[in-house]
1. If I compute solvent accessible area with a 1.4 Å probe over the protein chains, what percent of it on the range 1-52 is carbon and sulfur?
2. Which of rounded, prolate or oblate describes the range 1-52 when judged by the alpha-carbon gyration tensor and an a/c cut-off of 1.5?
3. For helix 188-211, report the angle its Cα long axis makes with the longest principal axis of the Cα atoms of the chain; keep it between 0 and 90° and round to the nearest 10°.
4. Per Stokes-Einstein, at 20 °C and 1.002 mPa s, what whole-number D in µm² s⁻¹ belongs to the range 98-218, with the Kirkwood radius over Cα pairs as the hydrodynamic radius?
5. Please check: in the Gaussian network model of the chain (C-alpha springs, under 10 Å), which one of MET21, MET85, MET110 has the largest mean-square fluctuation.
6. Which whole-number percent is the relative contact order of the chain (Cα, under 8 Å, 6+ apart)?
7. Leaving ligands, DNA and RNA out of it, rank ILE174, ILE112 by accessible area with a 1.4 Å probe, largest first.
8. Tilt of helix 59-71 relative to the longest C-alpha principal axis of the chain, in degrees (0 to 90, nearest 10)?
Amino acid sequence: MLVLLGILVVVAGFALRLNPMLVVTVAGLVTGFLGGMSLKEVLDAFGTGFAGSRSVSIFLLVLPVIGLVERNGLQEQARRLVSRMSRLTTGGILAGYFVVRQATAAIGLMSIGGHAQTVRPLVAPMAEAAAVRRFGELPEAVSQRIRAFAASTDNVGAFFGEDIFVAVGAVLLITSFVDTTYGYTLAPLQVALWAIPSAVVALLIHGARSLHTDRALARAIAKTRATEVAR
């Protein structure tokens, strides 16, 4: 039971808003020592765990690149490009990105999209630029709403698209859990095939919501401006 004190260290550290890396490291040391491990064994466990999940750290290489291209005007170029396309709307951009995100996730190309590499530098600025061209200067709340919807579009597209690809980790996790827990023999292809109907429904629902975004923005902006005039 004493080894569970490491969990209390994590809870206390996060409650006190301490550095997450420091909290997790201390919790690991506490758990290791209470479990009878030496310092060398604890450090060896840290190293083994990091090496086993090093692919998770790939995003650390992507973030500096994204920051560099943003510093050199990527978002401004995206806004300028959209401002020249009069037929593009916020809802159309988000619906188009949703289709691309779900389709690429369905064939295993998960790294093409994502919040850091696509939504923040490209999709959200383009959606905002389309709204600015149509409605003029946007209230801060409306800008934040567009960014949030762009992020949710990425989440929904990736979530319902990735299960169609048989070799993705989520499908393998589902099959291994079901086989181990319930004693079945569930093939990844079965999961992938049954994921298609839910992906189609997600496409219809979120695609319709995306196309409805323009009307929702018009109402939100009109309400905000009416409130400002009343003051």
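1. Values: 3000 of 3870 Å².
C and S fraction of accessible area: 77 percent.
2. On the way: a/c = 2.61, a/b = 1.35, b/c = 1.93.
Cα axes put the range 1-52 in the oblate bin.
3. Tilt of helix 188-211: around 30 degrees.
4. Working: Rh = 15.8 Å.
Once the numbers are plugged in, D ends up at 136 µm²/s.
5. Comparing MET21, MET85, MET110 in the GNM, the peak value goes to MET21.
6. Working: 214 pairs, mean separation 43.3, N = 231.
Relative contact order here is 19 percent.
7. Ranked list, largest accessible area first: ILE112, ILE174.
8. Helix 59-71 sits at roughly 30 degrees to that axis.
The values are calculated or read from the model by the stated rules, or taken from the named source; none is laboratory data. Keep in mind it's a predicted model, so treat the numbers as computed, not measured. FYI the Cβ positions are ideal-geometry reconstructions off the backbone, even for glycines, and counts take in every protein chain you see. Heavy atoms of the whole protein, side chains included, go into the accessibility calculation; ligands, DNA and RNA do not. Shrake-Rupley method; radii C 1.70, N 1.55, O 1.52, S 1.80 Å.
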